[in-house]
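Right, one structure below, let's go through it.
The values are calculated or read from the model by the stated rules, or taken from the named source; none is laboratory data. A quick note: this is a predicted structure, and the numbers were derived from the prediction, not measured. Cβ coordinates were reconstructed from backbone atoms using ideal geometry, including for glycine residues, and neighbour counts include every protein chain displayed.
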Amino acid sequence: MHFRRAHYILIIVNALYLGPLAIKFLIEGNWEFFAYVAQVIALLIVLMATIHKTHFPVWLLTLLSGWAALHMAGGALLVGDSVLYAYRFFHIVGEGDSYVLRYDQIVHFYGFFTTTFVAYWLLLPQLKPGFRVGIIAFIAAAASMGLGAVNEIIEFVAVLLVPDNGVGGYFNTAIDLVANGVGAILAALIITYGSMRRSLHEVPHSVRA
């Protein structure tokens, strides 16, 4: 699979905000988000370097790019006296770290919603004709939730290594995991029953080879 115009557009769009943000966080000494920028850049390089094998469709790469942009905006933009990640949309339940609904939780929901589609797409070439879509979709959701748990481990490491960080406490971690799970399960339901079902299964023969 060769790069198409849409791939180059995605690369340029991501480069236009990731480069300046890396410089911004470096100048500010914000090592937590500088590390996040480095992780996102590394992930994008891996995605583009392996596109000839994964054959990720442009819509899925766009979802991933959107997740990266939301994540970076959460740490870079100020709303009042705090970063966007701490912004509270409206109160559903809880106080302090357990407050719902915050920007952070929306990003977790969206991110692992997207990751479920990634896991499902990667599983498709390994499947035999006649597989049960629902079962595979929920396996993909479980894989996505597992990656969400890994993300919380990375945040825990950030707490240990970076004294002044924006990572919350126990309740924040628990609610993040719930948001991950809700997003992953919704994606699995869309894969199983949604209007995208047909196109999701149209995997190029070269992927199966």
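What to note about this one:
- Residues located in the range 24-37, provided they are at pLDDT 85 or above and under 15 Å from residue 151 (Cα atoms): 37
- Highlighted here are the helices (runs of 4 or more DSSP H) found entirely within the range 30-135 that include at least 2 residues which are under 28 Å from residue 2 (Cβ atoms) and either touching a Cys at 6+ places or on another chain (Cβ under 9 Å) or of a type in the set (Phe, Trp, Tyr) (or both): 58-76, 103-123.
- Residue count for the range 139-161, restricted to those that are over 17 Å from the mean Cα position of the chain (by Cα) and buried (at least 20 other Cβ atoms within 10 Å of the Cβ): 0
- Residue 59 vs. criteria at pLDDT below 85 and of a type outside the set (S, T, N, Q): no
- Evaluation of residue 67 against (1) in contact with a Ser or Thr (Cβ under 8 Å, 6 or more places away or on another chain); (2) surrounded by 14 or more Cβ atoms within 10 Å (Cβ to Cβ); (3) not assigned by TED's automatic domain parsing to the domain that holds residue 26 (one fails), failing number: (3)
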